[in-house]
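Chemist: Below you'll find the structure I mean.
We did not get these values from a lab; they are worked out from the coordinates using the rules stated. Predicted, not measured: the structure shown is a model, and the values here were computed from it. Cβ placement follows ideal geometry from the backbone for every residue including glycine, while neighbour counts extend to all protein chains displayed.
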Amino acid sequence: MLNTSVQDQTCQEMLEEYRSRRAATGAPTARKLTFAQVNGRDVYNITAPFQDKGEWMLAGRVEGRETEFSEVLIFRLSSEEWEPDTRYAPLPLQDPFYTRVGGDLILGGVSLILDKDDPERIASWVTAFRRGPFLAELAPFLEGPDHMKDVRIVQLPDGDVGVLSRPQGEKGGRGKIGFTRASSLGVVTAEAIAAAPLFENMFPEEEWGGANEAHVLKNGLIGVLGHVACFDNTGDRHYYPMTFAFDPATRERTPMKIIAERADLPTGPAKRPDLADVLFSGGLIRQSAGTAELYVGMSDAEAGVVRVLDPFLEYEAL
């Protein structure tokens, strides 16, 4: 059901519901992705694969295990592994994402702002966007508000542009999701993103989340792939891929639901012990047989793909 006053469950409650559904439908199939020529560095927090001039491409966050100073590389599928495409220079970003608006490819990520007096210290960050018809022609066009990750753009069915925000602090606590709309990409500004009204009652104050990808559904609703996160009583972080849908005209939405967890994928290393149970949504490709391929970052150290039941089908039936 769509409603403007949905009261979402906690991470633990959604996780219990997910595990109950998984027990009834069977465990999903999953595998790690393999990346070549990265000189021993980790590749995680990837996009879903996308096509550029007929080739399958993927953007991924690449960094050493002991640092958070990373770059985004563009990878090309070669046989069963992904290798860096040397036609494209590394981008000074984290956590890449992509979408398409008005025929243009939009590629973005988190751009770090370093302390002027101490370049080893991260002072802030913004979500930075590039656009163009193809990867080879991308040019910067927009930066989001200071200290805001997880800004996402979607072409709405009526031609407008929708923007999903994720403020923190006084407005957003540890991180909440907002939504606003504009007549075109050209009039989207950092100020407009910062002013986006929040969806109500979406996260308990001690939990947080954000949008990672937006899909236009066949009934005009916007299906959101995102993440929901919490700490446990030892300080470890727990991140879960989640989805919900909303009507961009009325802001009515469905409850969130978890669609996968770290235990669904093969075991592997973590960047730090407190990140072992992190599964970060990268992108989702819907299949024709009622399933979807969910691309994820795993424990801030690896990347994988898990085949799940298409989480958007129930929203298209509303």
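Chemist: Is it the case that ASP277 is free of Cβ contacts under 8 Å to residues at least 60 places away in the same chain, of a type in the set (Asp, Glu) and touching a helix residue (DSSP H, G or I) at 6+ places or on another chain (Cβ under 7 Å)?
Modeler: yes
Chemist: Which ones in region 13-40 are buried (at least 16 other Cβ atoms within 10 Å of the Cβ) and either assigned to a loop (DSSP other than H, G, I, E, B) or of a type in the set (Ser, Thr, Tyr) (or both)?
Modeler: TYR18, PRO28, LEU33, VAL38
Chemist: So which of GLY162, GLY223, GLY210 is in contact with a Pro (Cβ under 6 Å, 6 or more places away or on another chain), closer than 23 Å to PHE50 by Cα and not β-branched (Val, Ile, Thr)?
Modeler: On inspection, the qualifying residue turns out to be GLY162.
Chemist: Tell me the strands (runs of 3 or more DSSP E) entirely within region 132-228 that contain at least 2 residues that are without any contact (Cβ under 8 Å) to a residue 24 or more places away in the chain.
Modeler: Once the strands (runs of 3 or more DSSP E) in region 132-228 are filtered for at least 2 residues that are without any contact (Cβ under 8 Å) to a residue 24 or more places away in the chain, what remains is 139-143, 178-182.
Chemist: Can you tell me which residue within region 266-292, out of those that are among the small types (Gly, Ala, Ser) and over 21 Å from VAL228 (Cβ atoms), is surrounded by the most Cβ atoms within 10 Å (Cβ to Cβ)?
Modeler: Filtering region 266-292 for residues that are among the small types (Gly, Ala, Ser) and over 21 Å from VAL228 (Cβ atoms), the one surrounded by the most Cβ atoms within 10 Å (Cβ to Cβ) comes out as GLY268.
Chemist: Please find, within region 85-105, the residue that is farthest from GLY226 (Cα to Cα) out of those that are hydrophobic (A, V, I, L, M, F, W, C) and without any contact (Cβ under 8 Å) to a residue 60 or more places away in the chain.
Modeler: ALA89
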